[in-house]
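Novice: Below is a structure I'd like to ask you about.
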Amino acid sequence: MTTPFDSDRDLTDAPRVGGRQRPKDAATLILTRVRKGEAEVLMGRRAPGHVFMAAKWVFPGGRIDRSDFTAASANALPAAETARLTREVPVRRARALALAAVRETFEETGLLLAAPAPAASVAGPWREFRAAGALPDLAALSYVARAITPPGRTRRFDARFFMADARALLHPEPTAGSGELDEIAWLPLADARSQDLPAITRFVLGEVAERLARPDRPLPYVRMVRGKHVVEHQD
């Protein structure tokens, strides 16, 4: 099913520059927990100096890296999530996207969605994660949304949004991370939607609220078609 998206609001705050910039694969992780009966979500505010979405509240995430194609994990993605992803990309890239979401979350917040494992010495972006005595817990992930930045922006991403329960974290509270986010906090869902958000983040927060009540909700795919944003829901 395809429905209109709010065409007056961009998927990102990146300025229009024209041209045909090809979207780059990226992955995002939405961590949720319940405190005093209220659902909370982990979000961070991007530093004001960023060219892309400066000072906006976002979920941790970023671009896929070559190392994500070969990184070890404690387990595999659930079969249902792999099936959804492999409608779009080969199985190797599907797994790499899931690993990118876990790695970027660790880099930006210090949080490990992981299982304990002997510390290992590896090169590249996974070095600190593995040195912490952990392996990514892919079995904790659900694939919940996809969105492509509209054409003509300085940066374009084909972003996959994953969701996980905070009970799968090795420790519950974030650290300063890489400094890309100048504030990191667990926000009640109602409060999160009142922050300064990119339009797609606001949309996905609504999806999170719905999915907490209905985990089998069809996956939304947000993109621009003939100059208008649309949402196609996929089983």
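Novice: What does DSSP give for the chain in terms of the percent of beta bridges that are antiparallel, rounded to the nearest 5?
Specialist: So the antiparallel bridges amount to about 75 percent of the total.
Novice: Got a sec? Charge dipole of the chain, +1 on Cβ for Lys and Arg, -1 for Asp and Glu; which of A100, F59, W186 is way out at the positive end?
Specialist: About the Cα centre, the residue reaching furthest to the positive side is A100.
Novice: Which Cα, out of H233, F203, P151, lies furthest along the positive dipole direction of the chain (beta carbon charges, K/R +1, D/E -1)?
Specialist: P151
Novice: Could you check the spin-label model distance between E173 and R87? Points 7 Å from the Cα along Cα→Cβ, value in nm.
Specialist: In this crude spin-label approximation the distance works out to 4.1 nm.
Novice: About the Cα centre of the chain, what is the dipole size in debye to 20, counting +1 per Lys and Arg Cβ and -1 per Asp and Glu Cβ, all else neutral?
Specialist: That gives a dipole near 820 debye.
Novice: Decide, for the stretch 144-235, between rounded, prolate and oblate: order the square roots of the alpha carbon gyration tensor eigenvalues as a ≥ b ≥ c, take rounded if a/c falls under 1.5, and otherwise choose prolate if a/b is larger than b/c, else oblate.
Specialist: It comes out oblate by the Cα gyration axes.
Novice: Given a 1.4 angstrom probe, I'd like the percentage of the accessible area of the chain that is carbon and sulfur, rounded to a whole number.
Specialist: About 50 percent, which is the carbon plus sulfur part of the accessible surface.
Novice: Now for a different question. How would you classify the stretch 62-102 from its alpha-carbon gyration tensor, with a ≥ b ≥ c the square roots of the eigenvalues: rounded for a/c under 1.5, else prolate if a/b is greater than b/c, otherwise oblate?
Specialist: oblate
Novice: Okay, next question. I'd like to check one number: the per residue accessible area of the chain, probe 1.4 Å, reported in Å² as a whole number.
Specialist: It amounts to 47 Å² per residue over the chain.
Novice: How do L141, L212 rank by accessible surface area computed with a 1.4 Å probe, from largest to smallest?
Specialist: Result, largest first: L212, L141.
Novice: Using θ = phi - 60° and the Karplus form 6.51 cos²θ - 1.76 cosθ + 1.60, what ³J(HN,Hα) does each residue of the stretch 125-131 get, whole Hz, x for Gly and Pro?
Specialist: Working through the residues one at a time gives x, 8, 4, 5, 4, 5, 5 Hz.
Novice: Determine the distance separating the Cα centre of the stretch 151-191 from the Cα centre of the stretch 94-150; give it in Å without decimals.
Specialist: Centre-to-centre (Cα) distance: 12 Å.
Novice: Still on this structure: Shape of the stretch 115-155 from its Cα gyration tensor (a ≥ b ≥ c, root eigenvalues): rounded if a/c is under 1.5, otherwise prolate when a/b > b/c, or oblate?
Specialist: Here the stretch 115-155 falls in the oblate category.
Novice: With +1 on each Lys and Arg Cβ and -1 on each Asp and Glu Cβ, how big is the dipole of the stretch 195-235 about its Cα centre, in debye rounded to the nearest 20?
Specialist: So the dipole magnitude of the stretch 195-235 works out to roughly 180 debye.
Novice: Go through F157, F162 and list them by solvent-accessible area, largest first, probe radius 1.4 Å.
Specialist: Output order, biggest surface exposure first: F157, F162.
Novice: Name the residues of the stretch 65-99 whose amide N is less than 17 Å from a point 7 angstrom out from the Cα of S121 along the C-beta direction?
Specialist: Hits in the stretch 65-99 for S121 at 17 Å: none.
Novice: Next up: Using only Cα atoms, tell me the angle between helix 91-109 and the longest principal axis of the chain; keep it within 0 to 90° and round to the nearest 10.
Specialist: In the chain, helix 91-109 runs at an angle near 80 degrees to the longest axis.
The values are calculated or read from the model by the stated rules, or taken from the named source; none is laboratory data. What you are looking at is a predicted structure, and each value in this text was computed from that prediction instead of being measured. Cβ: placed from backbone, ideal geometry, glycine included. Neighbour counts: every protein chain shown. The accessibility values were calculated without ligands, DNA or RNA, using every heavy atom of the protein model including side chains. Shrake-Rupley method; radii C 1.70, N 1.55, O 1.52, S 1.80 Å.
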